[in-house]
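S.K.: The structure follows.
The values are calculated or read from the model by the stated rules, or taken from the named source; none is laboratory data. Bear in mind the structure is a predicted one, so any value in this text is a computation, not a measurement. Don't worry about glycine lacking a Cβ; one is built from the backbone with ideal geometry, like all the others, and counts go over all protein chains shown.
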């Protein structure tokens, strides 16, 4: 299960990210509303955790725009706004739940699991041609043969397949897979891509991971 946190207080977002990853969730973080909306609209998330007051775009506006494309994805507001009118307004804007700061992580975790009920425990399978990956089991198959990948190789392949047929820019790959949010030598991506191609034993007619020169990579369904 993948969760997006949109929160501009680093102490809170880091605490949530660490806690949720310890509970086996995959977590991405944005610190402003515009970046949060861009990530959310990629469609890669099972649940969104949003602050109300965000730079660039409020959590309310983010929710409204997101709901036009994804009416079913659960959204939980994390906010210091605590009046009845504010709570009602947040829920009417498209949120599924609303938890007031400060909060106990255990309570938030229960609320997340309630929203994901029916999804948690179901097998999540992603595919690209003959390649199948099962994130819950950290399993990769090419046809019927299991492929052994490192944690980062697996995360990179999962990211590319979840964004199948879309160009994945180097900076976005670094941010999402390596969780690095600053100027970084993205050449490390090339090393991992080469390793993936070798381990997946991709032949010349199996150009499932394509290089977009000067931009990044794309997982392409042939």
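S.K.: Got a sec? Which of 156, 200 is on the phi < 0 side of the Ramachandran plot and at pLDDT 95 or above?
M.R.: Details: 156 fails: at pLDDT 95 or above.
Among 156, 200, only 200 is on the phi < 0 side of the Ramachandran plot and at pLDDT 95 or above.
S.K.: Scan (1) modelled with pLDDT of 90 or more; (2) more than 23 Å from residue 10 (Cα to Cα); (3) assigned to a helix (DSSP H, G or I) for the single condition residue 73 breaks and write down its number.
M.R.: Going through the list (1) modelled with pLDDT of 90 or more; (2) more than 23 Å from residue 10 (Cα to Cα); (3) assigned to a helix (DSSP H, G or I), residue 73 breaks only (3).
S.K.: Same structure, new question: Just one of the numbered conditions (1) exposed (fewer than 15 other Cβ atoms within 10 Å of the Cβ); (2) within 24 Å of residue 173 (Cβ to Cβ) is not true of residue 11; which one?
M.R.: (2)
S.K.: Being at pLDDT below 90 and in a helix (DSSP H, G or I) is the requirement here; does residue 117 meet it?
M.R.: On the way: at pLDDT below 90: yes; in a helix (DSSP H, G or I): no.
Taking the combined requirement at face value, the residue does not satisfy it.
S.K.: When the stretch 140-153 is examined, which residues are found to be at pLDDT 90 or above and within 28 Å of residue 49 (Cα to Cα)?
M.R.: 153
S.K.: Check the stretch 60-71 and report whether any residue there is closer than 20 Å to residue 175 by Cβ and either surrounded by 15 or more Cβ atoms within 10 Å (Cβ to Cβ) or in contact with a strand residue (DSSP E or B) (Cβ under 9 Å, 6 or more places away or on another chain) (or both). Steps first, answer last, please.
M.R.: Initially, the stretch 60-71 is screened for residues closer than 20 Å to residue 175 by Cβ, giving 62, 66.
Remaining after also requiring either surrounded by 15 or more Cβ atoms within 10 Å (Cβ to Cβ) or in contact with a strand residue (DSSP E or B) (Cβ under 9 Å, 6 or more places away or on another chain) (or both): 62, 66.
Yes, because at least one residue in the stretch 60-71 is closer than 20 Å to residue 175 by Cβ and either surrounded by 15 or more Cβ atoms within 10 Å (Cβ to Cβ) or in contact with a strand residue (DSSP E or B) (Cβ under 9 Å, 6 or more places away or on another chain) (or both).
S.K.: Please enumerate the residues belonging to the stretch 163-179 that are modelled with pLDDT under 85 and loosely packed, with under 14 Cβ neighbours inside 10 Å.
M.R.: Once the filter is applied, which keeps residues that are modelled with pLDDT under 85 and loosely packed, with under 14 Cβ neighbours inside 10 Å, the stretch 163-179 yields only 179.
S.K.: Which is outside any loop (DSSP other than H, G, I, E, B), over 25 Å from residue 136 (Cα atoms), outside the structural domain of residue 138 (by TED's automatic domain parsing) and modelled with pLDDT of 85 or more, of 48, 62, 39?
M.R.: On the way: 48 fails: over 25 Å from residue 136 (Cα atoms); 39 fails: over 25 Å from residue 136 (Cα atoms).
The conditions single out 62.
S.K.: Has the stretch 14-26 got any residue that is in a strand (DSSP E or B), out of contact with any helix residue (DSSP H, G or I) (no Cβ under 6 Å at 6 or more places or on another chain), under 19 Å from residue 172 (Cα atoms) and touching a residue at least 24 places away in the same chain (Cβ under 8 Å)?
M.R.: Within the stretch 14-26, one or more residues are in a strand (DSSP E or B), out of contact with any helix residue (DSSP H, G or I) (no Cβ under 6 Å at 6 or more places or on another chain), under 19 Å from residue 172 (Cα atoms) and touching a residue at least 24 places away in the same chain (Cβ under 8 Å).
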